[in-house]
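The values are calculated or read from the model by the stated rules, or taken from the named source; none is laboratory data. As the structure is a prediction and not an experimental result, all values here were calculated from the model. Note: ideal-geometry Cβ built from the backbone for every residue, glycine included; neighbour counts use all protein chains shown. Quick note on the areas: whole protein, heavy atoms, side chains included, nothing else; ligands and nucleic acids left out. Shrake-Rupley method; radii C 1.70, N 1.55, O 1.52, S 1.80 Å.
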Amino acid sequence: MIVALTKRHMRVFFRDKGAVFFSLLSPLIIFLLFFLFLGASQLTSLKESLPHVDEDKLSLFLNSWVYAGIVMTTTITTGLAALGVFVADRESGRFTDFAVSPVPRWKIVTSYLLATASIATIITTIVYIAAQVHLIVQGAPVPTLELAMQTVGRYLLTAFSFAALSSLVITFIK
């Protein structure tokens, strides 16, 4: 029953093209702000602090650092956006319908948590792959399978952690 409810919550989220678009918009805005306005000043500051380091290496370091922040921010913002399904269900009374069904309440809550974390993971994976492709095009080495799996494991943990934390906060909002 948890799997069926989780799939339902995910379908509801991905059916809303606006929610998916705005989930991807957050990392895109951060990316554009950095590369259009803030990147040059950060790179200049790094060059002044580390004059003996090659500019290409500094640029690669700075871009990697920013992408790491964007990927982690995506796990937080997307998880919060995915909880819109829970809020909509509470607002429309569907959550109450689920609650009076013979399904235990913990399974219903678990399905929302799993859907939220799964949605955050899917969107974060898209952002992570886009960031890796851009870094590789800039000359960064292709990450090893072990390093890629460690990174995915970290953002999975972050997605589940923030899904749980955001769910806790959302339950108190009426």
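Checked across the range 158-168, the condition of being surrounded by 13 or more Cβ atoms within 10 Å (Cβ to Cβ), among the hydroxyl-bearing types (Ser, Thr, Tyr) and closer than 30 Å to residue 43 by Cα holds for at least one residue.
If you scan the range 151-174, which residues turn out to be modelled with pLDDT of 90 or more and of a type in the set (Phe, Trp, Tyr)? Of everything in the range 151-174, those that are modelled with pLDDT of 90 or more and of a type in the set (Phe, Trp, Tyr) turn out to be 160, 162. Here the condition is being closer than 21 Å to residue 170 by Cα and of a type in the set (A, V, I, L, M); of 40, 19, 68, it holds for 19 alone. Is one or more of the residues making up the range 94-113 small (Gly, Ala, Ser), surrounded by 19 or more Cβ atoms within 10 Å (Cβ to Cβ) and touching a residue at least 40 places away in the same chain (Cβ under 8 Å)? For the range 94-113, residues small (Gly, Ala, Ser), surrounded by 19 or more Cβ atoms within 10 Å (Cβ to Cβ) and touching a residue at least 40 places away in the same chain (Cβ under 8 Å): present. Here residue 165 passes the criteria (1) more than 23 Å from residue 21 (Cβ to Cβ); (2) among the aliphatic types (A, V, I, L, M); (3) more than 16 Å from the chain's Cα centre (by Cα) except the one numbered (3).
Residues in the range 59-91 that are of a type in the set (A, V, I, L, M), farther than 29 Å from residue 139 by Cβ and open to solvent by 50 Å² or more (accessible area, probe 1.4 Å): 3 in all. Among residues belonging to the range 138-172 that are β-branched (Val, Ile, Thr) and out of contact with any Ser or Thr (no Cβ under 8 Å at 6 or more places or on another chain), point out the one that is nearest to residue 84 (Cα to Cα). Here the residue is 170.
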